[in-house]
Structures are given as C-alpha cells and as structure tokens.
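The values are calculated or read from the model by the stated rules, or taken from the named source; none is laboratory data. Just so it is clear, the structure is predicted and the values come from calculations on it, not from any experiment. As a convention, Cβ positions derive from the backbone with ideal geometry for all residues, glycine included, and neighbour counts pool all protein chains shown.
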Amino acid sequence: MTTLQPSAATRPRPAGSPVRRARRSWTGWGFIGPFVLVFALVFLVPLGYSIHLSLFRTQLIGGTTFVGLGNYQQALQDSQLWGGAGRVGLFLLIQVPIMLGLALLVALALDSGRLYGKDFFRISVFLPYAVPAVVASLMWGFIYGTRFGLVGDINDAFDVKLPDPLSSELILASIGNIVTWEFVGYNMLIFYAALRVIPHALYEAAEIDGAGQWRVISAIKLPAIRGALVIATIFSIIGSFQLFNEPAILQKLAPNAITTDYTPNYYTYSLSFSGQQHNYSATVAIVMGVITMIVAYVVQLRGMRKGA
C-alpha cells in the first residue's frame with residue numbers, strides 16, 4: 001500500500017522560511033516607509049541642498065562658480081557672524097539657567113501638594129506658551145516703549161525716568177525676559193510630569209527616616225528628574241541658537257539697538273532675503289547647525305555621565 005506525499009506546492013513551509021522572512025521585512029518597511037519618505041523630504045533633501053549651495057558662490061562677473069570650502073573660510077573670519085554668536089552665547093549662559101530654575105521651582109511647588117488652586121496656577125503659568133512668539137514679541141515691545149508703552153506711561157504718571165528696555169544696553173535682557181515668559185510653562189510641564197512618576201515608596205521611606213522637605217528634594221526629586229533636566233536644557237540650548245522671532249520683531253521698535261546681524265539666525269535671514277547671498281547664507285546656517293549640535297551633544301554627554 002502506497003501513501004501519497006504532499007506536493008511541493010501544498011507542503012507547509014517552516015516558520016523561518018525565506019519567503020516568510022522576506023514578507024515580514026516588507027511589512028516592516030510598509031509601516032516605516034511613510035515616515036522615512038517624509039523625513040527625507042523635509043530634512044535630508046533640504047540639508048543636502050543647503051550643503052550643495054554652500055559650495056558655490058554667485059558673483060557679478062562669472063555667475064555662479066564652485067568655490068569648495070571658500071564660503072566656510074569666509075564664515076570663520078566673519079566678525080558679524082561671531083558677534084551674533086557671542087550674543088547668543090551670553091544669552092544662553094544667563095537666560096537658560098534663570099528660565100529652567102523658575103520652571104523647576106514652579107514644578108516643585110505644584111508637586112508639593114501645598115499650593116492652593118493648583119490647577120488654575122498650572123494653567124496660568126503654561127498659558128504664555130500658547131501665545132505665538134510674534135504676538136508675544138509685539139505685546140512686550142509695546143510694553144517696553146518709553147514713548148507709547150507701559151514704561152512711558154509710568155514715567156509720565158510718576159514723573160520718573162525708568163531705564164529704556166529697548167536701549168542697546170538692555171535689549172538682550174529684554175529679549176531674555178520675553179523668552180522666559182514664553183517658555184517657563186513649557187519646561188514646568190516637563191519637570192512636573194517627571195515628578196509625578198516618582199514612586200511614592202521613596203517618599204514613605206524618607207518620611208520614616210525623618211527627612212525634611214529640602215532633603216526630599218535634594219535626595220529624591222532632583223536625582224529622579226535628572227533626565228528631564230537634561231532634555232529641557234538641550235531644548236533650551238537649541239532654542240537659544242535659533243533665536244529669531246523676538247529680535248526680528250523688536251528691530252522695528254529699536255532699530256539702533258538691533259542690527260541685521262544681531263543673532264546668527266537673523267543674520268542668515270538678512271543675507272538670504274535682503275542681500276540675496278543665498279550661498280553664503282546656507283554656509284552660515286550649516287556652521288551654526290554644527291555648533292548647536294556639538295554644544296547640545298556635550299551637554300547631553302555630561303548629563304548622562306552625572307546620571308550614571
């Protein structure tokens with residue numbers, strides 16, 4: 001008696017067959033394919049085109065010519081670029097610690113459970129983040145005005161002479177005040193969310209040991225949210241190097257204090273749209289992008305080492 005053997009077409013394939021593995025591979029690409037496509041179109045292609053532009057130079061005589069790294073050599077010797085980068089660096093060193101410190105204090109106050117009207121207070125602090133940067137800059141710009149704004153009204157009402165927030169000496173601090181007002185609530189939510197996931201068992205153990213509030217903050221809360229602190233710091237560093245809206249809006253109100261090269265981003269914009277120097281503008285943008293990436297990476301590396 002003979003038994004029928006299943007044909008090759010009907011014989012079940014093993015689970016790890018090449019056909020099934022290939023099908024799984026294409027299924028994975030089907031899920032991530034749209035993201036890869038969008039990522040390439042909105043990030044890789046513009047980046048590649050910017051690098052391409054930075055290697056050329058448009059001249060009145062000769063047209064567009066390939067200059068290699070000539071634009072980068074010019075950028076390294078550009079006093080306007082490095083003057084703006086220095087202002088941004090000073091802004092970063094002063095404004096970011098103040099902003100993150102205020103955000104941390106508010107988050108700790110909300111998490112303490114001793115604040116009345118906690119929900120209203122949280123929404124009130126976060127609300128400025130919902131205001132567009134252009135609107136916030138216009139609003140604060142008119143508040144700063146000595147002839148038409150709140151500062152001017154106070155001077156007239158009390159017969160005093162307050163310092164001009166739009167002067168060359170104070171304009172950077174005025175911009176820092178606007179940015180702090182805008183982003184304290186955003187960073188507060190990052191810290192508050194990190195505080196809410198700390199296990200309550202740690203608080204119970206600290207209470208049994210007789211630890212006070214300051215000891216709980218220094219020994220439990222701050223170490224537990226170190227990752228959130230690093231993330232917020234990196235976001236703030238990137239935002240500082242991208243400073244554009246505030247000086248661009250206030251420049252109309254304080255033309256003597258804010259020049260077109262006040263920040264690297266504003267300088268890049270002026271080169272491209274006012275000076276029609278698209279090639280050099282792309283070079284400046286790439287240089288500042290590399291600097292931002294290096295600074296953010298160093299901060300991240302130091303934060304991870306401290307957390308180890």
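Descriptive notes on the structure:
- All of L69, L44 fail the test of being farther than 16 Å from Y280 by Cβ and either at pLDDT 85 or above or of a type in the set (G, A, S) (or both), apart from L44.
- Odd one out for G149 among (1) of a type outside the set (A, V, I, L, M); (2) farther than 26 Å from Q242 by Cα; (3) modelled with pLDDT of 90 or more: (3)
- Matching option when the condition is under 24 Å from the mean Cα position of the chain (by Cα) and surrounded by 16 or more Cβ atoms within 10 Å (Cβ to Cβ), among A224, A206, A194, A173: A194
- Residues of the stretch 166-213 classified as of a type outside the set (A, V, I, L, M) and closer than 30 Å to K252 by Cα, total: 13
- Any hit, the stretch 253-272, residues being assigned to a helix (DSSP H, G or I), exposed (fewer than 14 other Cβ atoms within 10 Å of the Cβ) and in the same structural domain as V96 (by TED's automatic domain parsing): no
- With a requirement of 1 or more residues that are closer than 22 Å to K252 by Cα and without any contact (Cβ under 8 Å) to a residue 40 or more places away in the chain, the helices (runs of 4 or more DSSP H) lying completely within the stretch 108-162 that satisfy it span 133-144, 150-158.
- One residue alone among I51, I61, I94, I98 is part of a helix (DSSP H, G or I) and more than 20 Å from the chain's Cα centre (by Cα), and that residue is I51.
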